[in-house]
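The values are calculated or read from the model by the stated rules, or taken from the named source; none is laboratory data. What you see is a predicted model, and the numbers here were worked out from it, not measured in a lab. Cβ: placed from backbone, ideal geometry, glycine included. Neighbour counts: every protein chain shown.
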Amino acid sequence: MRLLFFIVCGFFITSCAYQAVQPQPLEVSAAKRLSFIQARLLLGQWPLAKEQLDQIDEPNQGREYWRLLSLYWLSVEHHEEAVLIHEAALLNYPNDDFILNNYGVLLGAKKRWVEACAAFEKAGENGFPQRQTVQINLARCAIRQNDVNLASFYLKQAKEIADLPLIGLMTELNLVLIQGNNEKARLILNNIQAGKKIARGSVHFDEYNCLSWHLIARETDPTLHSSASKFICLNGSRY
């Protein structure tokens, strides 16, 4: 028993002679932090994204940082601050198609259409591979300029990249109504209604209502059926 006692005592004495080392907090790399920020922006978690953006030190504020920072300010719809951030980003990366496209969206939200379309055109010239969003925005610019052929060209380009998202389908619907093609317009509208949810109060809701109303009016009134129109429903949505 005495031997056991000494062994046990020896164990505790020995264990007390050592102190556990506390783990040091792991250093998060700038690349991982930027990836985290992108995920938070996609999820609409703006405060968490901003908190992480504020922790990116100046040596790591490269192209991806400016893209995410400008996207953050565009997403929270603080337009005056967003303009300043985009302009600062473009001083650093004047030909970046991502920043240029979002700058155009921002200018469109402020109804500065000519400047918005110029930004989209520059984004289209510098993007490789081409971004579908840029092609759709260029199509919307062409519709505003009553250039049906150019709008058709840009939409064709957008379709070659991927299936059209909601804003692309509504742009195409707007175009075919201007062309007077009611049958195709009905197919597109049915596609929108079947696969997309247009929430009241969303950025596209007014445009959707405008397009629906014009199509139903043409289907109801035979005198409007074959006549092309100059109307556009773009003003209900931002780019």
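Within segment 112-139, the residues that satisfy the criterion of being touching a residue at least 60 places away in the same chain (Cβ under 8 Å) and farther than 15 Å from LYS159 by Cβ are ALA116, PHE120. Within segment 42-61, at least one residue is in a loop (DSSP other than H, G, I, E, B) and touching a Ser or Thr at 6+ places or on another chain (Cβ under 8 Å).
How about segment 132-181: which of its residues are more than 22 Å from SER212 (Cα to Cα) and buried (at least 18 other Cβ atoms within 10 Å of the Cβ)? Across segment 132-181, the qualifying residues are GLN132, THR133, VAL134, GLN135, LEU138, TYR154, ALA158.
Filtering LYS230, LYS156 for residues that are over 27 Å from SER75 (Cα atoms), modelled with pLDDT of 90 or more and not aliphatic (A, V, I, L, M) leaves a single hit, LYS156.
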